[in-house]
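Here the structure comes first, spelled out in structure tokens, and everything after it is commentary.
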């Protein structure tokens with residue numbers, strides 16, 4: 001894409017980076033910081049998409065997932081450093097919210113939009129079932145198992161356990177990435193119906209354009225982390241004023257970070273590219289746990305900051321139900337409007353029971 005939009009999306013990261021530097025020294029208006037933060041997240045995902053288009057599938061979805069996860073980790077760590085005692089469960093709430101948003105809201109919307117427009121869609125079962133199996137192990141080990149260990153009180157791992165789980169999560173995620181991008185890349189490539197979609201084969205950006213987007217992506221990510229840290233006191237005060245449950249902060253972070261990528265996945269489903277949609281969704285879910293948990297665990301161990309990872313019984317039931325439904329959805333390689341409706345219903349139940357526990 002060229003023209004005024006390209007010039008604008010190139011200027012925004014520079015402006016956002018300058019605002020972030022000013023926020024470190026000057027008391028800028030909260031609304032201004034929030035708007036710039038949202039714009040920086042959108043700009044970051046755009047430039048990640050440019051780079052992704054340059055390298056092609058499935059490497060592209062991996063880059064998008066990595067960019068989204070860097071933003072998510074930056075937000076979590078910034079908020080945890082600002083208020084350690086009040087954010088012990090922030091990493092757990094954010095990761096769980098991201099998994100529920102991806103498995104139920106984003107995938108549900110993709111299936112519903114695709115089915116309404118194309119009646120029935122197909123995808124490759126092998127790659128998606130491998131991704132879901134990996135996601136199941138990661139979610140249970142990081143979010144459920146802490147409730148049943150005894151080395152540390154409460155739904156927590158001891159430092160040794162946390163370090164082990166973080167290492168295992170990282171190794172499992174990197175192994176999946178190796179399978180997705182190298183050894184069994186064909187499992188995750190789009191199915192044949194994509195070849196009839198004209199914009200799928202749009203010319204990739206030049207090397208110069210890709211390098212420019214890489215530099216601007218770094219500027220966006222730095223700005224997001226700095227602005228999130230600056231905005232964290234206002235976010236906490238706002239939620240306390242509204243009397244919102246603590247878990248809402250995790251939902252807000254997950255929704256804000258995943259919104260641009262979710263829209264890209266829904267657009268792909270509407271264009272009859274369901275495999276790309278599922279690559280985006282499941283790749284983001286895996287990166288959320290496989291990269292976020294190790295990063296937060298490292299900060300917890302080195303900084304002496306305890307974190308709670310174990311879900312409560314209600315959340316565990318919703319997690320198991322979501323994983324079970326997703327496994328059935330991805331079992332036969334075909335989707336209809338019913339599956340989309342089921343996933344969206346599950347997300348509505350999760351959201352309702354968060355606000356009305």
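Suppose we keep only residues that are modelled with pLDDT under 85 and assigned to a loop (DSSP other than H, G, I, E, B) within segment 17-32. Which one would you say is surrounded by the most Cβ atoms within 10 Å (Cβ to Cβ)?
Per the stated criteria, the residue is 28.
Look at residue 306 and say whether it is in a helix (DSSP H, G or I), at negative phi and touching a residue at least 12 places away in the same chain (Cβ under 8 Å).
no
Please indicate, with yes or no, whether at least one residue in segment 2-9 is modelled with pLDDT of 85 or more and surrounded by 12 or more Cβ atoms within 10 Å (Cβ to Cβ).
no
Working only within segment 309-338, note down all residues that are modelled with pLDDT of 90 or more, outside any helix (DSSP H, G or I) and over 20 Å from the mean Cα position of the chain (by Cα).
The answer is 312, and nothing else.
Just to be sure I understand, how many residues within segment 152-161 are loosely packed, with under 12 Cβ neighbours inside 10 Å and within 19 Å of residue 294 (Cβ to Cβ)?
The total comes to 1.
Can you name every one of the helices (runs of 4 or more DSSP H) wholly within segment 66-153 that holds 1 or more residues which are touching a strand residue (DSSP E or B) at 6+ places or on another chain (Cβ under 6 Å)?
Ranges flagged: 107-118.
Restricting to segment 218-275, and then to whatever is touching a strand residue (DSSP E or B) at 6+ places or on another chain (Cβ under 8 Å) and part of a helix (DSSP H, G or I), can you tell me which residue is modelled with the lowest pLDDT?
Going through the qualifying residues, I end up with 274.
Looking at the structure I just gave you, is residue 169 touching a helix residue (DSSP H, G or I) at 6+ places or on another chain (Cβ under 9 Å) and surrounded by fewer than 14 Cβ atoms within 10 Å (Cβ to Cβ)?
no
Looking at (1) closer than 22 Å to residue 129 by Cβ; (2) over 15 Å from the mean Cα position of the chain (by Cα); (3) buried (at least 24 other Cβ atoms within 10 Å of the Cβ), which is the one condition that is false for residue 272?
(3)
Within segment 21-53, how many residues turn out to be more than 30 Å from residue 207 (Cα to Cα) and either touching a helix residue (DSSP H, G or I) at 6+ places or on another chain (Cβ under 8 Å) or in contact (Cβ under 8 Å) with a residue 24 or more places away in the chain (or both)?
Going through segment 21-53 one residue at a time, the tally reaches 7.
If I go through segment 339-357 residue by residue, how many of them are surrounded by 15 or more Cβ atoms within 10 Å (Cβ to Cβ) and either free of Cβ contacts under 8 Å to residues at least 12 places away in the same chain or assigned to a strand (DSSP E or B) (or both)?
Selection size over segment 339-357: 0.
So if I check each of 38, 44, 48, which one is modelled with pLDDT under 85, surrounded by fewer than 22 Cβ atoms within 10 Å (Cβ to Cβ) and closer than 20 Å to residue 222 by Cβ?
Unique residue meeting the criteria: 38.
The values are calculated or read from the model by the stated rules, or taken from the named source; none is laboratory data. It should be emphasised that the depicted structure is a prediction, and the values quoted were computed from it without experimental measurement. Neighbour counts run over all protein chains shown; Cβ positions are idealised from the backbone, glycine included.
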